[in-house]
1. If amide H atoms are built 1.01 Å from N in the plane of the peptide, which residues on other chains or at least 5 residues away come under 5 Å of the amide H of residue 145?
2. By how many nm would the segment from residue 115 to residue 309 grow when fully extended, if each residue of separation counts as 0.36 nm and the alpha-carbon distance is taken off?
3. Quick one: which residues, 5 or more positions from residue 250 or on another chain, have an amide H under 5 Å from its amide H? H modelled 1.01 Å from N in the peptide plane, none for Pro or chain starts.
4. Starting from 0.36 nm per residue, how many nanometres of slack lie between residue 334 and residue 177 once their C-alpha separation is accounted for?
5. Per-residue counts of other Cβ atoms within 10 Å, averaged by peptide: what ranking do you get for 356-362, 293-299, highest first?
6. Quick one: which residues, 5+ away or cross-chain, put their amide H under 5 Å from the amide H of residue 293? H built at 1.01 Å from N.
Amino acid sequence: MAFNLEQFALGERFHNLVILFGLFMWAVLPQTYLLSRLFRSPTSGLVWITAINVFTASIGLIMVGLLSHPMIHQQAVGVCLMYFWIAISPSFCLSHGIFQLFINYQFRQVCDSPLVQFLCLVDQVNACCLKTCDPFCAYWTNNELSYELGGVGAHLTALSIHGFLYFSLVLISDSSIGRNLKICLIILYKRFRYRHHNPELLLLNQYHDDLSFDDGNLPAEDVDVRQHRHLVESLPYARLKEQTSLALCRVSKTYGSINPRCKQNKKPAVDRLSLAIAPSECFGLLGAQQSLGYCPQFDALLPYLTGYETLQLFARLRGIQEGFLNTEIDQLLSDLKLTDLAHVLVSRYSGGNRRKLSVAIALVGETPLICLDEPTTGVDPISRRHIWNLLLKYRRQGRTLVLSSHRNNNKLSYVLDYQLDFEIPSRSCYLDVVVELAYRDDPTELYWLEHMFL
């Protein structure tokens with residue numbers, strides 16, 4: 001088309017070419033999506049999928065072309081092979097469809113004339129005489145969308161079917177039916193392989209005899225969690241020990257009341273937890289994040305999000321309703337003096353501003369417990385004061401603050417140690433302890449300690 005080739009760029013041939021490319025995109029996109037699941041690396045996936053498409057298109061076209069050559073005398077085999085490749089490869093449908101449009105135009109220019117048709121009465125084995133040609137036929141048709149040899153009707157129909165088939169497989173694979181089917185196939189494969197390669201390991205201990213697979217008393221759980229639990233509980237003990245770095249099977253932990261008089265009504269903190277972690281796997285265990293806010297010692301931030309987007313992400317993870325989300329985020333940014341940087345990428349933040357954003361992440365949401373590890377490290381004195389004021393504000397709201405520091409002269413550690421080690425009967429005695437600690441290291445911090453903790 002770029003060079004205005006009349007075989008493609010004129011009349012109905014151009015429209016047929018557009019239809020061919022459109023149906024190819026319809027078929028190849030879901031096919032690529034399905035094949036991408038076979039690869040862990042995007043680079044390797046791109047290379048292999050490209051190689052598969054190029055191989056099926058070029059190799060199939062070469063094979064069909066060679067078998068259809070007049071000197072080979074295997075055109076019938078080439079036609080059968082052509083239909084085989086059409087049935088399995090969208091890439092071959094495209095490449096052979098383009099070739100078919102080109103060659104049909106060339107054959108029609110030669111064969112579609114009254115003189116040639118008249119000669120068929122004399123020379124019946126002529127290649128243009130489609131009914132009597134032998135051993136080679138120049139297949140051509142006036143209707144390029146027909147299903148006859150020479151048309152691309154079969155190619156277009158195959159691409160349409162490929163598209164529907166692959167899209168259906170994508171929908172099924174993303175549904176619970178597909179996940180259940182996948183888990184069943186994995187279990188069957190692993191059991192077959194286990195029995196085939198390790199028959200001696202079938203004489204196990206009473207691992208599975210001690211397991212009860214009654215799910216009636218289990219709390220409601222996600223489909224993926226249930227599938228993983230069934231997979232772990234169905235594997236033999238030796239298999240888990242061999243192929244996993246860590247495996248838990250129905251681990252439970254219950255706690256009773258803190259009141260010693262109440263010895264009943266034990267509640268499970270961990271209720272029949274089953275999981276398996278494979279070697280070289282990066283595993284993340286998510287807990288009840290609505291009840292815990294955490295600020296690590298080193299900032300763990302997403303560099304390509306803005307500060308506002310980061311807080312939106314964690315606020316939604318902690319279940320804040322959309323109607324209150326923006327208000328709370330704006331208030332946090334205002335308290336930490338980050339309003340001007342709200343819509344700036346985190347990668348452009350200074351170290352102190354990143355630290356303040358980490359504190360904001362820990363404070364966002366109605367978390368009753370907030371754990372902060374060195375929350376003011378690398379922060380200038382003014383910003384440090386803003387952080388402490390904000391922590392005081394949340395402490396007055398009834399939230400529990402757990403602060404950690406590794407500095408030996410940290411006043412907070414001294415105070416917490418005395419709070420834990422000694423029973424101080426009154427506020428005045430508590431003040432005496434704070435005064436003693438403050439004067440022992442730095443008398444100028446007496447006011448700060450009184451303001452922070454009293």
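Here, each number is a calculation from the coordinates, and none is a lab measurement. Since the model is a prediction, treat every value here as computed from it, not as a measurement. No Cβ is skipped: glycine too gets one built from the backbone with ideal geometry, and neighbour counts run over all protein chains shown.
1. Here the answer is 152, since their amide H atoms fall under 5 Å of that of residue 145.
2. Separation in residues times 0.36 nm, less the Cα-Cα distance, equals 62.3 nm.
3. For residue 250, the qualifying residues are 273, 274, 275.
4. On the way: separation 157, 0.36 × 157 = 56.52 nm, distance 4.77 nm.
This chain segment gains 51.8 nm when fully extended.
5. The peptides rank, most packed first, as 356-362, 293-299.
6. 369, 370, 371
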